[in-house]
Each structure stands twice: as structure tokens, then as C-alpha cells.
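**Student:** Take a look at the following structure, please.
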Amino acid sequence: MELTENLEPVFIFASILLGLLLNNVEVINNISPSLITIFLVMMLFALFMDIPVGKIGESFSNTKFTATSLIINFMWTPLLGYFLASLLLKGNLDMRIGFLMLILTPCTDWYLIFTKMAKGNLALSMSLLPINLVLQIILLPIYLLIFFSSTNTLEIANLAYSLIVFIVLPFIMAQFVKILLKGRSSLEKITSVFSRCQTLFLCVAIFALFNRESSVLIENVDKIEVIFIPVLLFFVINCVVDYIISMRLNFRYEDYVSLTFTTLARNSPLALAIAVSSFPKNELIAITLVIGPLIELPVLYVVSKIALKFKKKYEGGMRYFEQAL
């Protein structure tokens, strides 16, 4: 699983290329819309099977850490994202929406890999999974309405439909399966199979998306390059914020690493599922969300290596900071 998730940018890039190369195959063109819907639903079902939503209470085992993470993810980050989008993407509404959707959804899976690589507090990071998932599902449509309801791009009916089809139904199905098979060994086997297939489901959906929207991508290659700047700035700024806050709150190195990856990694698959249905005529939104992980995952890998390399300096800096206070 770790190898698969570490290579996810490679798989995503290969899916994009394959989708573009096969853009003239009529049979694939005809089934691409169905593939997008089916495999995004399957991917989210797999995600919900993998997350112990019933353990939300455990998220508050470390109140200081949880509160700090939630404030950064759901208060600071939306404001930072809106500022960066308004400043750097003001000429393209679709890319602003795509960027905001990426920023507003904290990751619920692969950030654990990087937390482990950097020797962070894995148990603490895992405890945040359920509450991060629930809050982003609730807050994403609210933030979209706050930021974009006046643009005439967001249609409430489409947003409601996408939430029901891609979020509510897969969530209910996953919980039903868990209840039905509770206590049986088959539940663990099914969860394991779907967990391993998450990347596959996502890549098939991405393949179909780029196969369907190849002409849009080709026509807007120059615009897509622009998304790299705000995404990289988001990572840099939040890295600095995480470091300063961790120092002030006297977080151990392990907790600092957990906070860093919890607030850096984004849940682009969930945002992509909502975007595909909520904005059917705004293809650049979905394309922006696919480009995001190609930037994000290599950055997270680099951050994990840097954090590990400077572990002693962080611990020394924390002692110095405590003495200064």
C-alpha cells in the first residue's frame, strides 16, 4: 500500500497521458462519462470503508492538537486559499473554484504515509481522520456558497445532486456493509481489498476525465501552468505557520510532524467527485483538481525528508524557544 501511494503521482500522470492518447477512440469517448461517475463512486465507497467514522470521539484525545489542526484546516486555510486565488487566479474563475475546492478538503489517506516517513505521531494523525472527513463534507458546500454564490457559476441543484450521489450514497453503503458484516472476518478482507483499489479507481476516473476533456486541456495548457504558483505558495506558507505554532504550543517533534501533514495534504479525490457533477460545464475545475496531486505528493515527500533531516534542530529550537519565553 505504501509503495502504491508513494507512486500515485506516477499513476495519475500515466492515466492523464493514456486518456489524452486515446482521445480519438470513439468507443472510449462514449463510455467516459459513465466511467467517471462509476469509479469515483467506487473510490469514495472504498474511502468510507477505510475510515472508522464511529471513532470521532477519539479525535479529541489530545484537545490542544485537535483544536489547532481544525482551526488551521477549516478557518485559516479557507481564508489563505481565497486570498491566494483572488491574488493569483483572478482572471480565471474556474481555476479559482478548482483551487479553492482543493484547498478546502484536508486529506484522509495518503498523509499518513508521509507522517510515518518523517517519524511523526501516527496514532494522533489517524485519530483526526473521521472528524476531518465529516467536517469537510459539511463545510465544503458552505464555503463554495460563501465564496462563489454571486458568480452564477455554482448551481445549488447540481451541488446537492453531487453531494447525494458521490458522498451520501457511498457513505451510507459503506456503513451498511460495516453493520451487516460486523464481527466477521469477511469485513476486514473486503475493507482491505477496497483500500488497495482506491488508487486504481481514482486513476480510471482520471483517465476517463482527460479522455473526455482532451480538447479543453489542449486549449487551456497555458492557463493550467498558472495553478502551480498558488499551490506551491500554499504549501510554503502553511509549513511556516505549522512550525511557528508548533513552537509556541510546545509540540514535540512527532506532534509537529503530524500537524504539518494534517494541514498540508489535501483530499483532491473527494473534491474531484463533487466538481465533476456540480460544475458539468466548467471542465477546468475538474482538471485543476487532477493537477493538484501532481504537485502535492512530490512536495509532501520532500517535506517529509526535510523534517526528518532537521529533527534535532527542531528539538533544539523548541528548547531555545521555551527559554526565550
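Derivation of every value follows stated rules applied to the coordinates shown; laboratory data play no part. Every value quoted in this text rests on a predicted model; they were computed, and no experiment measured them. Ideal geometry is used to build each Cβ from the backbone, glycine not excepted, and the neighbour counts take in all protein chains shown.
**Student:** For the range 113-188, which trypsin sites (Lys or Arg not before Pro) pass both filters: DSSP loop (anything but H, G, I, E, B) and at most 15 other C-beta atoms within 10 Å?
**Tutor:** Loop-located and lightly packed - LYS119, LYS182, ARG184.
**Student:** Quick check on the range 84-240: what does the Kirkwood estimate of hydrodynamic radius come out to from the alpha carbon pairs, in Å?
**Tutor:** Every distinct Cα pair counted, the radius reaches 18.7 Å.
**Student:** Sticking with this structure for a sec: Tell me, what ³J(HN,Hα) does each residue in the range 123-134 have, in order and in whole Hz, if you take phi through Karplus 6.51 cos²θ - 1.76 cosθ + 1.60 with θ = phi - 60° and put x for Gly and Pro?
**Tutor:** 4, 5, 5, 5, 5, 8, 3, x, 5, 4, 5, 4
**Student:** Given Cα positions, please report Rg to Rh for the range 5-133, the hydrodynamic radius being the Kirkwood one.
**Tutor:** Here the Rg-to-Rh quotient is 1.04.
**Student:** Separate question: Just need log10 I(q)/I(0) for the range 162-236 at q = 0.21, 0.23, 0.26 Å⁻¹, Debye formula, equal scatterers on the alpha-carbon atoms, no solvent, rounded to two decimals.
**Tutor:** -1.03, -1.09, -1.14
**Student:** Related question: Report, by chain and number, residues whose modeled amide H sits under 5 Å from the one on ARG266, excluding near sequence neighbours (fewer than 5 apart, same chain).
**Tutor:** Here the answer is CYS107, since their amide H atoms fall under 5 Å of that of ARG266.
**Student:** Defining a contact as two alpha carbons under 8 Å apart and six or more residues distant in sequence, what relative contact order in percent does the chain show?
**Tutor:** 36 percent
**Student:** List the pair-distance distribution P(r) of the range 2-324, using every Cα-Cα distance, as the percent of pairs falling in each 10 Å bin from 0 up to the bin containing the longest distance, rounded to whole percents.
**Tutor:** Here the calculated profile for the range 2-324 is 6, 26, 35, 23, 8, 1, 0.
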